[in-house]
Structure formats: C-alpha cells, structure tokens
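**Q** One structure is given below, represented as structure tokens, and several questions about it will come after.
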Amino acid sequence: NAGVMQNPRHLVRRRGQEARLRCSPMKGHSHVYWYRQLPEEGLKFMVYLQKENIIDESGMPKERFSAEFPKEGPSILRIQQVVRGDSAAYFCASSPPEGATYEQYFGPGTRLTVT
Amino acid sequence: AQRVTQPEKLLSVFKGAPVELKCNYSYSGSPELFWYVQYSRQRLQLLLRHISRESIKGFTADLNKGETSFHLKKPFAQEEDSAMYYCALSAQGGSEKLVFGKGTKLTVNP
C-alpha cells in the first residue's frame with residue numbers, strides 16, 4: 001500500500017490563476033480530509049469528504065475554494081483566483097470507513113506558492 | 001469552540017534526559033486526543049491516542065480531564081526522537097476533523 005498520495009508536491013501559481021491539488025487516498029479508504037498549514041501554524045481543518053459527498057466544509061473559505069471526491073479518481077481541492085495569502089502547505093488525509101480505526105493517514109502535502 | 005494549545009514552540013533536551021511536551025485543550029464535550037509526529041522529511045504520522053492507553057516508542061500520554069491536558073512524556077529521550085510533535089483533538093470518535101496545536105519542535109542533543 002503506497003499510502004496517501006498527493007500531487008503535485010510543489011505548485012507555483014501567479015496571482016489570479018487557478019490551483020488544483022490532488023489527493024489519492026489509501027486503498028480501501030473512503031474518507032478524505034484536507035488541512036492547510038500556514039507558516040509557523042498548526043494544521044487547520046478545511047473539509048471532510050466521502051465519495052461524492054461533502055460531509056463537513058466548516059473550515060473552507062466561503063469564496064474561491066472548492067473540493068470534490070468523485071466516485072472514480074482522486075479528491076481535488078481547487079482554489080480559484082489565487083492570492084498571496086493562499087501560499088501554504090496543503091495536506092490530505094484519509095481514513096477507513098466507520099467501524100474500523102479512525103486513524104487519519106496523511107499524505108506528504110502540496111506546497112503552494114503564489115507569486 | 002475546540003482549541004489545542006502547545007505552549008512550547010521549541011524544546012531541547014540531552015540524550016537520556018526525561019522529556020515532557022505539553023498540550024492543553026479546550027472542549028466542552030468528551031474529546032479524543034492524539035499525538036502526531038513528523039520526523040525530518042517524512043509525513044505526519046500518528047504516535048499515540050489516549051483511548052488506546054498504550055506506550056509507543058517509549059512515549060506515554062495521559063488524559064487529565066480536570067486539567068484539560070494531554071502531555072506527552074518519555075523518561076529517557078533518544079536522538080531519534082528529534083521531530084515536530086503535534087497534539088490534536090477530535091470531537092467525535094476520531095472520524096471527523098482534527099483540531100491541531102501549533103506543534104513543538106523537539107531536539108534531543110547527544
């Protein structure tokens with residue numbers, strides 16, 4: 001099991017462009033979480049998804065940010081019209097379905113730099 | 001609101017010395033508490049969780065509801081323990097979002 005995969009590992013965007021971050025959960029995991037880490041800060045929850053459903057998006061900024069976890073393929077975190085304040089490390093985690101351990105397994109992160 | 005506080009940004013000890021990383025939380029319900037660790041150039045990984053009450057790599061952590069604390073302890077630190085340590089809280093059984101502290105960077109000197 002390769003673990004949670006994230007790509008790209010590093011992403012540079014100019015202000016106003018779109019950023020797409022991908023997350024492939026561990027095999028057998030159906031829950032995905034996205035976290036953002038600003039410099040000198042801890043990880044901050046953004047959104048929790050299951051296949052084709054957003055379960056909790058209480059940490060998502062109201063504008064420009066969206067997330068999906070389609071039936072097939074990776075989960076995508078999309079940031080439209082990026083601004084300098086979006087520069088951060090974005091981490092994805094996955095966990096098994098309910099009834100199993102609730103441990104969240106983290107990916108290596110995507111470091112977004114907005115110039 | 002849920003909050004996790006790690007008061008020490010940096011902690012430095014010598015090999016063989018005891019180490020304690022502090023974590024305090026704020027939550028009105030019954031939380032589940034975790035310690036995550038990130039070694040250099042590696043991804044964040046779970047170290048231990050209070051519900052399992054086990055010792056991992058010599059580390060233990062006891063949930064003190066009266067003091068709302070979940071400090072991480074090890075009696076004899078090793079150089080390979082040098083890493084970033086994050087305390088985290090989950091409101092419901094660990095299947096939902098984690099609330100993280102800002103982390104403590106532990107350095108164990110030879």
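The values are calculated or read from the model by the stated rules, or taken from the named source; none is laboratory data. In this text the structure is predicted, and so the values were computed from the model without any measurement. Quick reminder, even Gly has a Cβ in these numbers, built from the backbone with ideal geometry, and neighbours come from all protein chains shown.
**Q** Tell me, please, whether a residue that is at pLDDT 95 or above, away from chain A (no Cβ under 14 Å) and outside any strand (DSSP E or B) can be found in region B:82-90.
**A** Yes, because at least one residue in region B:82-90 is at pLDDT 95 or above, away from chain A (no Cβ under 14 Å) and outside any strand (DSSP E or B).
**Q** Out of (1) closer than 21 Å to B:V99 by Cβ; (2) within 14 Å of chain B (Cβ to nearest Cβ); (3) surrounded by fewer than 21 Cβ atoms within 10 Å (Cβ to Cβ); (4) within 14 Å of the chain's Cα centre (by Cα), the odd one out for A:H31 is which?
**A** Against the list (1) closer than 21 Å to B:V99 by Cβ; (2) within 14 Å of chain B (Cβ to nearest Cβ); (3) surrounded by fewer than 21 Cβ atoms within 10 Å (Cβ to Cβ); (4) within 14 Å of the chain's Cα centre (by Cα), A:H31 comes up short only on (3).
Rundown of residues vs (1) surrounded by fewer than 20 Cβ atoms within 10 Å (Cβ to Cβ); (2) farther than 19 Å from A:R9 by Cβ; (3) without any contact (Cβ under 8 Å) to a residue 24 or more places away in the chain, yes/no style:
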{"position": "A:K27", "(1), (2), (3)": "yes, yes, no"}
{"position": "A:R36", "(1), (2), (3)": "no, no, no"}
{"position": "A:D56", "(1), (2), (3)": "yes, yes, yes"}
{"position": "A:E63", "(1), (2), (3)": "yes, yes, yes"}
{"position": "A:P70", "(1), (2), (3)": "yes, yes, yes"}
{"position": "A:F91", "(1), (2), (3)": "no, no, no"}
{"position": "A:T113", "(1), (2), (3)": "yes, no, no"}
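**Q** Does at least one position in region B:57-74 carry a residue that is within 13 Å of another protein chain (Cβ to nearest Cβ), on the phi < 0 side of the Ramachandran plot and hydroxyl-bearing (S, T, Y)?
**A** no
**Q** Also: Among the numbered criteria (1) part of a strand (DSSP E or B); (2) more than 15 Å from A:Y35 (Cβ to Cβ); (3) at pLDDT below 95, which single criterion is violated by A:T113?
**A** (3)
**Q** Let me ask something else. Kindly provide the set of residues from region A:48-58 that are facing another protein chain (nearest Cβ under 9 Å) and more than 16 Å from A:P97 (Cα to Cα), ordered by number.
**A** Matches in region A:48-58: A:S58 only.
**Q** In region B:33-58, how many are surrounded by fewer than 20 Cβ atoms within 10 Å (Cβ to Cβ) and outside any loop (DSSP other than H, G, I, E, B)?
**A** 8
**Q** Something else now. Please count how many residues of region B:59-74 are surrounded by 15 or more Cβ atoms within 10 Å (Cβ to Cβ) and of a type in the set (G, A, S).
**A** Final tally of qualifying residues: 2.
**Q** Sort out which residues of region B:47-87 are charged (D, E, K, R), within 17 Å of B:E32 (Cα to Cα) and over 12 Å from the mean Cα position of the chain (by Cα), and write them in order of number.
**A** B:R53, B:E54, B:K65, B:E67
**Q** I would also like to ask the following. Any residue in region A:73-92 that is within 11 Å of chain B (Cβ to nearest Cβ), touching a strand residue (DSSP E or B) at 6+ places or on another chain (Cβ under 7 Å) and farther than 25 Å from B:K9 by Cβ?
**A** yes
**Q** Can you name every residue in region A:12-36 that is touching a Lys or Arg at 6+ places or on another chain (Cβ under 7 Å) and under 22 Å from B:Q42 (Cβ atoms)?
**A** The answer is A:Y33, A:Y35, A:R36.
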